[in-house]
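One structure below.
The values are calculated or read from the model by the stated rules, or taken from the named source; none is laboratory data. Predicted, not measured: the structure shown is a model, and the values here were computed from it. Heads up, the Cβs are rebuilt from the backbone with ideal geometry, glycines too, and the neighbour counts pull from every protein chain shown. Side chains are part of the model used for accessible areas, which takes the heavy atoms of the whole protein and leaves out ligands, DNA and RNA. Shrake-Rupley method; radii C 1.70, N 1.55, O 1.52, S 1.80 Å.
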Amino acid sequence: MKILVIEDEHKVATFIKSGLEEHHYEVDLAYDGWMGKRLALGNSYGVILMDVIIPGINGIELCKSIKEVRPNLPILMLTALGTTSDKVVGFDAGADDYLVKPFEFEELLARIRALTKRLNFVVEQSEFLKVADLTLNLSTKKALRGEKEIALTAKEFDLLEYFMRNARRVISKAELSEKVWGISFDTGTNVVEVYINILRKKIDKDFPVKLLHTRIGLGYFINDAP
């Protein structure tokens, strides 16, 4: 599999490239956002690894640009910016995963494997998921609550899809971290809770019947009854 690494620190980029090549990945390097965008849109890659703070086009804007053209191309952010708000901004830009520097190389490899597994999961183009009056179109990536369209970011869509595929089952924070964000997602942050709150406001706030529920101490579930 071919991987694009967009990283302006040459020593870091070379280290990642060498490590990935030892594991039989083919790697291209870009040292700024403009070069990264040209390579990302002009070649075929299985995964893109990018820093957030890079010259030319910053990683957040670059991620948005790539996802507009290639929405199914997995992007893993590699950055020293590790606060919850930093991660939310990255995920809202379309990033599929977020790994904070410094990291163990084995964890990077595991994240890459998790992303490529998700990429290989193909759904039928006509597939819909439905719970009560909430409908998720997996082809168009649109959500409807009754007749109202619900605007979702890519990560919010992934989270809602996982809930709807597991309707009525209580799902722990750890499971959501693993299945929606990749592997053992940084449990020291409250990113999962942040996204749950955002999703709850979007799909439940303006509707009398609430669908997204909390089971205290156990997790969350989606159903038309608590």
### Message
Quick check on Ile196: is it open to solvent by less than 10 Å² (accessible area, probe 1.4 Å), within 21 Å of the chain's Cα centre (by Cα) and farther than 30 Å from Lys101 by Cα?
### Response
no
## Note on the structure
The correct count of residues that are more than 25 Å from Asp86 (Cα to Cα), open to solvent by 70 Å² or more (accessible area, probe 1.4 Å) and more than 20 Å from the chain's Cα centre (by Cα) in segment 15-54 is 6
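Within the group Ala80, Ala114, Ala110, which residue is under 16 Å from the mean Cα position of the chain (by Cα) and surrounded by fewer than 18 Cβ atoms within 10 Å (Cβ to Cβ)? Talk me through it step by step, then tell me what you get.
Values: Ala80 fails: under 16 Å from the mean Cα position of the chain (by Cα); Ala114 fails: surrounded by fewer than 18 Cβ atoms within 10 Å (Cβ to Cβ).
Selected residue: Ala110, the only one of Ala80, Ala114, Ala110 that is under 16 Å from the mean Cα position of the chain (by Cα) and surrounded by fewer than 18 Cβ atoms within 10 Å (Cβ to Cβ).
Condition test on Thr189, is it crowded, with 19+ Cβ neighbours inside 10 Å and polar (S, T, N, Q)?
The answer is yes for Thr189.
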### Query
For Asp86, all conditions in the list (1) acidic (Asp, Glu); (2) more than 17 Å from the chain's Cα centre (by Cα); (3) open to solvent by less than 60 Å² (accessible area, probe 1.4 Å) hold save one; what is the number of the exception?
(2)
### Message
Just checking, does segment 37-48 include any residue being more than 18 Å from Glu9 (Cα to Cα), in a helix (DSSP H, G or I) and in contact (Cβ under 8 Å) with a residue 60 or more places away in the chain?
### Response
no
### Query
Quick check: anything in segment 54-64 free of Cβ contacts under 8 Å to residues at least 60 places away in the same chain, under 22 Å from Lys179 (Cβ atoms) and of a type outside the set (Lys, Arg)?
yes
### Query
From Leu144, Leu211, which residue is among the aliphatic types (A, V, I, L, M) and surrounded by 17 or more Cβ atoms within 10 Å (Cβ to Cβ)?
Leu211
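Which one is modelled with the highest pLDDT among residues in segment 143-159 that are among the basic types (Lys, Arg) and in contact with a helix residue (DSSP H, G or I) (Cβ under 9 Å, 6 or more places away or on another chain)? Can you show your working first?
At the first step, the residues of segment 143-159 found to be among the basic types (Lys, Arg) are 145, 148, 155.
Okay, now just the ones that are also in contact with a helix residue (DSSP H, G or I) (Cβ under 9 Å, 6 or more places away or on another chain), so 145, 155.
Values: Arg145: 94, Lys155: 90.
Residue satisfying both the conditions and the ranking: Arg145.
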### Task
Considering only segment 57-77, state which residues are at pLDDT below 90 and either in a loop (DSSP other than H, G, I, E, B) or open to solvent by less than 10 Å² (accessible area, probe 1.4 Å) (or both).
Arg70, Pro71, Asn72, Leu73
